[in-house]
Amino acid sequence: MKITFTVNNENVEVDVKPNETLLDVLREKLYLTGAKEGCGNGECGACTVIYNGRPVNSCLVLAPEAEGAVIETVEGLTKGNNLHPIQEAFLETNAFQCGYCTPGFIMSTKAMLEKVPNPTKEVIVERLAGNLCRCTGYTVILDAVKLAAQKMGGAE
Amino acid sequence: MITFSYDYVKPKTLNEALDALNEDDAYPILGGTDLIVKMRAGRVKPKLVVDLKSIDELFHVDFSKESGLTFGAGLKLNVLIEEFDYVKEYYPTLYQGIRVVGGYQTRNRGTVVGNLCNASPASDTAPALLTYNAELNLISKNGERTVKITEFFTGPGKTVLEKGEIVKSVHIPFEGENIGRYYKVSRIKAVDLSTIGMALTIIDPDGTRDIRVALASVAPTPIRIFKAEEFIKGKELTMKNVEEFAQIIHDSVNPITDARGTAEYRKRMAKILPIKLLREMKMIKEGL
Ligand SMILES: Cc1cc2nc3c(=O)[nH]c(=O)nc-3n(C[C@H](O)[C@H](O)[C@H](O)COP(=O)(O)OP(=O)(O)OC[C@H]3O[C@@H](n4cnc5c(N)ncnc54)[C@H](O)[C@@H]3O)c2cc1C
Ligand code: FES
Ligand code: FES
């Protein structure tokens, strides 16, 4: 079946099967491989994309459900050669090692900062609890999110 | 990728959805956070997935102090608690229960109704709904009926829903000013099912003080402990009375040992939690 949706401001039409997930379609049909499959069960957040303004696990969205959705993936963040302030913040604080979790964290962070420009630590922890990182120990990720908030204009 | 194939439809009206759901192995989907996980594991194999998210009727929300809160099956967990302030204000225990379901992403897809229909003993929304005397409005080709949440669950993964029948909306009466807590014990704080969960709601805390208590993960279904509620009714909340109240809860639950905790631990917590929560709410009279 054919579905259409918007990804990173572009309208796309793709041929999908009901037993594919949105993550499968993004990665294997649209070659947007930023979102990763970690667990495939909604537990790790590596597949997080922004879906109609809210972060969701794309491994738990059936491809046909995405008809008409507006989707943002990490690939949509760079403008030309310029990184998004959140990406800069992750680089500057060394907030990753292997990087497998990073696109998911960045998308969760973006969705949060759009609604809560200056989040407290409690809010950050609640909003990012669905993203797992096996490498960093999380403290540098918290630093990255705080720095990103500053860069994007939220007060300290 | 799910390893077997099936058809998918997204009807625009309830009637069409109910027709589709009468077919063999047809499953409704809302957020899919339970259904897709089970499909990926091959534990559920639908021939037809019926997406309910284009049915406008399932997205109504309505609240007044006279008629209480009614919300359609389609309402996402986060939408309910972020966009409708009265959930937090008038149903604080439910607000807290919703807030600890999975991670933020889970709550952006998952729904209260999906959580109830999944009928896990560990449901984090059921205990609060039990304390608020919620009712579920069901609909099928044979008509509509209303079922009290105390009668909805029949066992792990089992409900009174019949073939082709769905939950259309949830209704929660507003019984007056209330305070409450939902407390979830789990192995990790981030994303985990409960080892034990307790909802404690006090209607009219400064007046008649009607205390209600319900638990998750201590029995085959989420359960409310009416016996303990009756014991404490009209009694002063001295430590002695509260301890006896807690003891009745302890004696009423029948947990199992599993990966998330032993039966003994769960029983102990069933006694400790009501004392902890009443103390946190400053309801226990000083001294002994
Ligand atoms: C990572 C992760 C963490 C989780 N953590 C928790 C947790 O901490 N606490 C908790 O309680 N749950 C948890 N869950 C379970 C799940 O997220 C919740 O139960 C959620 O609320 C289910 O809602 P849904 O809309 O996604 O349901 P769906 O998956 O869409 O549906 C659930 C079931 O109900 C049926 N159904 C759907 N709609 C209807 C209807 N209208 N009428 C009748 N039947 C219907 C479906 O066929 C399916 O069998 C977790 C899930 C994941 C993936
Ligand atoms: S791959 Fe989707 S949450 Fe882990
Ligand atoms: S950097 Fe390796 S998992 Fe997070």
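Readers should treat all values here as calculations from the given coordinates under stated rules, not as data from a laboratory. Being a predicted model, the structure only gives us computed values, none of them experimental. Here Cβ is always computed from backbone atoms with ideal geometry, including for glycine, and neighbour counts include all displayed protein chains.
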**OP:** When you have a sec, figure out the Kirkwood radius of region B:225-288 from all distinct Cα pair distances and drop it here in Å to one decimal?
**Re:** 12.3 Å
Original post:
Taking the radius of gyration and the Kirkwood hydrodynamic radius from Cα positions alone, what is the Rg/Rh ratio for chain A, to two decimal places?
Top reply: 0.97
**OP:** Rounded to the nearest Å, what's the spacing between the alpha carbon centres of region B:30-76 and region B:111-164? Just the number, please.
**Re:** 12 Å
Original post:
If the viscosity is 0.890 mPa s and the temperature 25 °C, what translational diffusion coefficient in µm²/s does Stokes-Einstein give for region A:26-107 when Rh comes from Kirkwood over Cα pairs?
Top reply: 185 µm²/s
Original post:
Quick one: net charge of A:Glu13's neighbours, Cβ under 12 Å, K/R +1, D/E -1?
Top reply: -1
Original post:
Most mobile of B:Val79, B:Val253, B:Val213 per a Gaussian network model of chain B (Cα springs, under 10 Å)?
Top reply: B:Val79
**OP:** Report, to the nearest 10°, how far helix B:239-252 tilts away from the longest principal axis of the Cα atoms in chain B, using its own Cα long axis and a range of 0 to 90°.
**Re:** 40 degrees
Original post:
Can you list the aspartates and glutamates whose alpha carbon is less than 20 Å from that of B:Lys45, not counting same-chain residues fewer than 8 positions off?
Top reply: A:Glu20, A:Asp24, A:Glu65, B:Asp7, B:Asp19, B:Glu23, B:Asp24, B:Asp25, B:Asp34, B:Glu162, B:Glu165
Original post:
Using the alpha carbon gyration tensor of region B:1-141, what are the three equivalent-ellipsoid semi-axes (square root of 5 times each eigenvalue), largest first, in whole Å?
Top reply: 27, 18, 13
**OP:** Quick one: P(r) of chain B from all Cα-Cα pairs, 5 Å bins, percents rounded to integers, in order of increasing distance.
**Re:** 1, 6, 12, 17, 18, 16, 13, 9, 5, 3, 1, 1, 0
**OP:** For region B:1-64, just the Cα set please: Rg and Dmax, both in angstrom.
**Re:** 13.1, 47
Subject >> chain B, helix-only ellipticity at 222 nm - DSSP H runs n ≥ 4, -39,500 (n - 2.57), divided by all residues, nearest 500 >> reply: -9000 deg cm²/dmol
Original post:
Which lysines, on any chain, are close to A:Lys79 with Cα under 18 Å apart, when same-chain ones fewer than 8 places away are left out?
Top reply: A:Lys110, A:Lys151
Original post:
For B:Asn133, what is the net charge nearby, where nearby means another residue's Cβ is under 13 Å from its Cβ and Lys, Arg count +1, Asp, Glu -1?
Top reply: -2
Subject >> Pairs of alpha carbons in the protein assembly as shown whose separation is greater than 43 Å (percent) >> reply: 16 percent
Original post:
Taking region B:185-265 as the region of interest, what is the percent of Cα-Cα pairs per 10 angstrom bin, listed from the shortest bin to the one with the maximum distance?
Top reply: 17, 44, 28, 11, 0
Subject >> For B:Leu30, net neighbour charge (Lys/Arg +1, Asp/Glu -1) across residues whose Cβ lies under 10 Å away >> reply: +1
Subject >> Of B:Lys184/B:Lys276; A:Lys17/B:Lys163; A:Lys17/B:Lys158, those spanning more than 20 Å from alpha-carbon to alpha-carbon >> reply: A:Lys17/B:Lys163; A:Lys17/B:Lys158
Subject >> Degrees between helix B:263-280 axis and first principal axis of chain B (Cα, 0 to 90, nearest 10) >> reply: 70 degrees
Original post:
Expressed as a rounded percentage, what relative contact order does chain B have, with Cα pairs under 8 Å and six or more residues apart?
Top reply: 15 percent
Original post:
How far is helix A:139-151 tilted off the main Cα axis of chain A, in degrees rounded to 10, range 0 to 90?
Top reply: 90 degrees
Original post:
With chain A treated as a Gaussian network of Cα nodes joined by springs under 10 Å, which of A:Gly99, A:Gly38, A:Gly80 yields the largest mean-square fluctuation?
Top reply: A:Gly80
**OP:** Place a label point 7 angstrom from the Cα of A:Glu88 along the Cα-to-Cβ direction, then list the residues of region A:124-156 whose backbone nitrogen is under 15 Å away.
**Re:** A:144-154
**OP:** Towards the positive end of the charge dipole of chain A, with charges on Cβ (+1 Lys, Arg; -1 Asp, Glu), say which of A:Cys101, A:Thr21, A:Gly153 has the farthest Cα.
**Re:** A:Gly153
Original post:
Using unit Cβ charges (K, R positive; D, E negative) and no other charged atoms, how large, in debye to the nearest 20, is the dipole of region A:2-76 about its Cα centre?
Top reply: 80 debye
**OP:** Give me the Kirkwood hydrodynamic radius of region A:90-146, using the inverse of the mean 1/r over all pairs of distinct Cα atoms, in Å to one decimal.
**Re:** 11.2 Å
